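Enquirer: Below is one structure. I have some questions about it.
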Amino acid sequence: MTTRYTDEEWEGIIQETEKGVLVDEGRGYPLPHGGVGGEGFTKTIDHTLLKLDAKGNQFDDLCAEARVNKFATVCVRPQWVSKCVNDLKGSDIRVASVIGFHEGTHDLSTKVQELRDSLESGALELDVVINWPELKAKKYSSIYNELATLRTQAPHPVLLKLILETSQLDRHQIIAGCVLAGAAHFDFVKTSTGFNGPGASVENVRLMAACCERLAVKAQDGNPRQMSVKASGGIRTLDDALKMFEAGASRLGTSGGVWIAKEAKQQAGGGGESNGERPGMTTRLFTDY
């Protein structure tokens, strides 16, 4: 779906999609390949550091932890992409950058510049914050134009994830965000920035997974193409992670990845409860001293 529509036409498409979105509350999605404790498990984690006052040595630590635990990516702000790419040389760990973070209300030119800077610095995945106030106002054409422009600027194989900020949206608006992401050929829809209200919930992840299944289309090569779901915000423990996987997420954004990996290895090995300091239960823009 690449044709431009009016806001009213988009609303009709969204309503029609909503009719076909069936959420099966009793369905449990499978765990990543290898199950708990396997390398496939840690390869679902975007190891995240987005605090505004984070220092260079913290990113060194972030990348070292990602190497040890074999995470999928490190997720950082654009100005730290180059450093992380350098720190991760020789590994298969990718660097993800955030675009329009965390408000989502940046103008398109700013988002495009952040995207270009991130790609030039070596990012291979981009987590883009939707302009959710516009989404709530049903300014669908404006949002689609922005997303399609960003996709053009970052063609595949760059992975694009659209952050919906689900804490600020109702069911219809979450589905609308998924429809627009799919129309613009994004690869993932993501729950939250983690900085604005509650993060990922089982209910919203289930809804997004069902919506992605409904929106699945055949690509030009004849193979099915379906967006995936990234759960982010408030995921601190193995139990949190397992709930998100069961609800339909295939990627997790968390600053608690090391703890989750530790708990997973202990559970896989038949060990008891993890020792040490459990991650804090809230995400803040600045470090607490």
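Rule-based calculations on the coordinates, nothing more; no lab input. Treat the numbers as computed from the prediction; the structure is a model and nothing was measured. Don't worry about glycine lacking a Cβ; one is built from the backbone with ideal geometry, like all the others, and counts go over all protein chains shown.
Enquirer: Can you give the longest run of the chain that contains no trypsin sites (Lys or Arg not before Pro) sitting in a DSSP loop with at most 13 other Cβ atoms inside 10 Å?
Expert: Working: sites that count: ARG4, ARG27, LYS55, LYS89, ARG284.
Formally, the longest exposed-site-free interval is 90-283.
Enquirer: Then there is this: As I understand it, the value is the acute angle between the Cα axis of helix 108-121 and the longest principal axis of the Cα atoms of the chain; what does it come to in degrees, rounded to 10?
Expert: Roughly 40 degrees between the two axes.
Enquirer: Ok, one more. Given the chain, what percent of its DSSP beta bridges are antiparallel, to the nearest 5?
Expert: On the way: 2 of 30 bridges.
The antiparallel proportion sits near 5 percent.
Enquirer: Divide the volume of the convex hull of the Cα atoms of the range 141-272 by its number of residues and quote the answer in cubic angstrom per residue.
Expert: Working: hull volume 17.1 nm³, N = 132.
For the range 141-272, the hull spanned by Cα atoms encloses 129 Å³ per residue.
Enquirer: Right, something else. Mind checking the dipole of the range 65-178: about its Cα centre, +1 per Lys or Arg Cβ, -1 per Asp or Glu Cβ, Debye to the nearest 20?
Expert: Details: 14 positive and 14 negative charges, 41 e Å.
For the range 65-178, the charge dipole is close to 200 debye.
Enquirer: Taking springs between alpha-carbon atoms closer than 10 angstrom, which of MET208, MET244, MET227 fluctuates most in the Gaussian network model of the chain?
Expert: MET227
Enquirer: Which GluC sites (Glu not before Pro) does the range 1-79 hold that lie in a coil by DSSP with at most 10 other beta carbons within 10 Å? Show your work: numbers first, answer last.
Expert: Values: sites: GLU8, GLU9, GLU11, GLU16, GLU18, GLU25, GLU39, GLU65; in loops: GLU25.
Within the range 1-79, the qualifying GluC sites (Glu not before Pro) (loop, at most 10 other Cβ atoms within 10 Å) are GLU25.
Enquirer: Modelled label-to-label distance, ASP60 and LEU31, 7 Å Cα→beta-carbon offset: nm?
Expert: 3.6
Enquirer: Relative to the first principal axis of the alpha-carbon coordinates of the chain, what is the inclination of helix 7-20, with its axis defined by its Cα atoms, in degrees from 0 to 90 and to the nearest 10?
Expert: 60
Enquirer: Using alpha carbons only, how many degrees (0 to 90, rounded to 10) separate the axis of helix 238-247 from the longest principal axis of the chain?
Expert: Computed tilt is about 30 degrees.
Enquirer: So for the range 1-122, if I pair up every lysine 8 or more residues apart or on another chain, how many of those pairs have alpha-carbons under 16 Å apart? Could you put the intermediate results ahead of the total?
Expert: Values: LYS43/LYS70; LYS51/LYS83; LYS55/LYS83; LYS70/LYS89.
Final tally of qualifying lysine pairs is 4.
Enquirer: Along the charge dipole of the chain, Cβ charges K/R +1 and D/E -1, which of ILE174, CYS84, GLY248 sits furthest on the positive end?
Expert: It is CYS84.
Enquirer: Sort by residue number and name the cysteines in the chain that have no neighbouring cysteine Cβ under 4.7 Å.
Expert: CYS63, CYS75, CYS84, CYS212, each lacking another Cys Cβ under 4.7 Å.
Enquirer: Let me ask something else. What are the semi-axes of the equivalent ellipsoid for the range 7-63, taken as the square roots of 5 times the Cα gyration tensor eigenvalues, largest first, in whole Å? Show your work: numbers first, answer last.
Expert: Numbers: eigenvalues 276, 118, 13 Å².
Calculated on Cα positions only, the semi-axes equal 37, 24, 8 Å.
Enquirer: Right, another one. Here are a few candidate values for P(r) over Cα pairs in 10 Å bins from 0, in percent: (i) 6, 27, 37, 24, 5, 0; (ii) 7, 30, 37, 21, 5, 0; (iii) 6, 25, 31, 23, 9, 3, 2, 1, 0. Which one was actually calculated from the structure I just gave you?
Expert: (ii)
Enquirer: I would also like to ask the following. Give the shape of the range 122-180 as rounded, prolate or oblate, defined through the alpha-carbon gyration tensor: a ≥ b ≥ c are the square roots of its eigenvalues, a/c under 1.5 means rounded, and otherwise the shape is prolate if a/b is larger than b/c and oblate if not. Mind dumping the intermediate values first?
Expert: Values: a/c = 2.58, a/b = 1.74, b/c = 1.48.
Cα axes put the range 122-180 in the prolate bin.
Enquirer: Need one number: nm distance between label points at GLU11 and ASP53, each 7 Å from Cα along Cα→Cβ, rounded to one decimal.
Expert: Going from the GLU11 label point to the ASP53 one covers 4.5 nm.
Enquirer: With both partners inside the range 133-253, how many of the DSSP beta bridges are antiparallel, as a percent to the nearest 5? Mind dumping the intermediate values first?
Expert: Details: 2 of 11 bridges.
The answer is about 20 percent antiparallel.
Enquirer: Could you tell me what a quarter of the Cα convex hull surface of the range 77-200 works out to, in nm² with one decimal place?
Expert: 7.2
Enquirer: Express the C-alpha Rg of the range 44-134 as a ratio against the empirical globular expectation 2.2 N^0.38 Å, rounded to two decimals. Please report the intermediate quantities before stating the final value.
Expert: Numbers: Rg = 13.0 Å, N = 91, 2.2 N^0.38 = 12.2 Å.
So the Cα radius of gyration is 1.06 times the expected 2.2 N^0.38 Å.
Enquirer: Given a 10 angstrom Cα cut-off, can you work out which residue in ASN223, ASN196, ASN86 is the most mobile in a GNM of the chain?
Expert: Its mean-square fluctuation being the largest, the pick is ASN223.
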